Amino acid sequence: MEEGGVNVIDLTQADESFVKELEGLGADELRECIQCGKCASTCPMALAGLEFFIKRIIHAANLGLRDILLEDSSVWGCQSCNRCVEVCPMDIKPYEVIQAVRRAAVKVESCPANTYEGLRNLYRFGHAVYPKGYEERRKKAGLPEKPPTAISNEELRKKFQEVLRNTILEEIAPFPLD
């Protein structure tokens, strides 16, 4: 909410159970954050001027502001470089906080549509971005129709699916893992 050009946080929305949920989803050291901003100062997304505010995300997570976090598309902007983890003086692992917020979002189907497509493709084909429709182009370029990864190795793909079924994906996937 914005009042007079200043962002105001409605603390009546604070939800301690959401903080505990995030801790259970991997943000174990969340409460140790001192808001020093070192994570933000090293984040390539923030430095590039993109709307990604790790410090704000961690602050909202610490307060248990579920709605703010689940509606914040910038949590999907993290590029997993882990620079934030390397510089954090409190060792809270900001990247893990981002991952926990993403897991919480997936559980309530509150993430970009292409995220579900990517998860589904990862499970079905072994690639988040499945190169469907490019088989002919790949052939013309002298490449195999399917990339030489789990996509083209049925046995490996089935083992990969088995591994995924034994992760939190089994619990939070918005599609059946058959």
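Since every read-out is calculated from the coordinates, none of them should be taken as a lab result. Not measured: the values here are computed from a predicted model. Cβ coordinates were reconstructed from backbone atoms using ideal geometry, including for glycine residues, and neighbour counts include every protein chain displayed.
Can you tell me the alpha carbon radius of gyration of segment 10-107 divided by the globular rule-of-thumb value 2.2 N^0.38 Å?
Ratio of Cα Rg to 2.2 N^0.38 Å: 0.97.
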Compute from the Cα atoms of segment 113-172 the Rg and the Dmax, the latter being the longest Cα-Cα distance, and quote both in angstrom. 12.9, 41
Please report the orientation-averaged projected area of the chain, defined via the convex hull of its C-alpha atoms, in nm². 12.9
How many angstrom lie between the C-alpha centres of segment 54-72 and segment 93-165? 27
Can you tell me the relative contact order of segment 10-107? Whole percent, Cα pairs under 8 Å, sequence separation 6 or more. 39
Under 15 Å from the Cβ of Gly26, count the other residues' Cβ atoms, weight Lys and Arg +1, Asp and Glu -1, and hand me the total. -2
Violations at 27 Å Cα threshold for listed pairs Lys55/Lys159; Lys132/Lys158; Lys20/Lys158; Lys55/Lys107; Lys93/Lys159 -> Lys55/Lys159; Lys20/Lys158; Lys93/Lys159
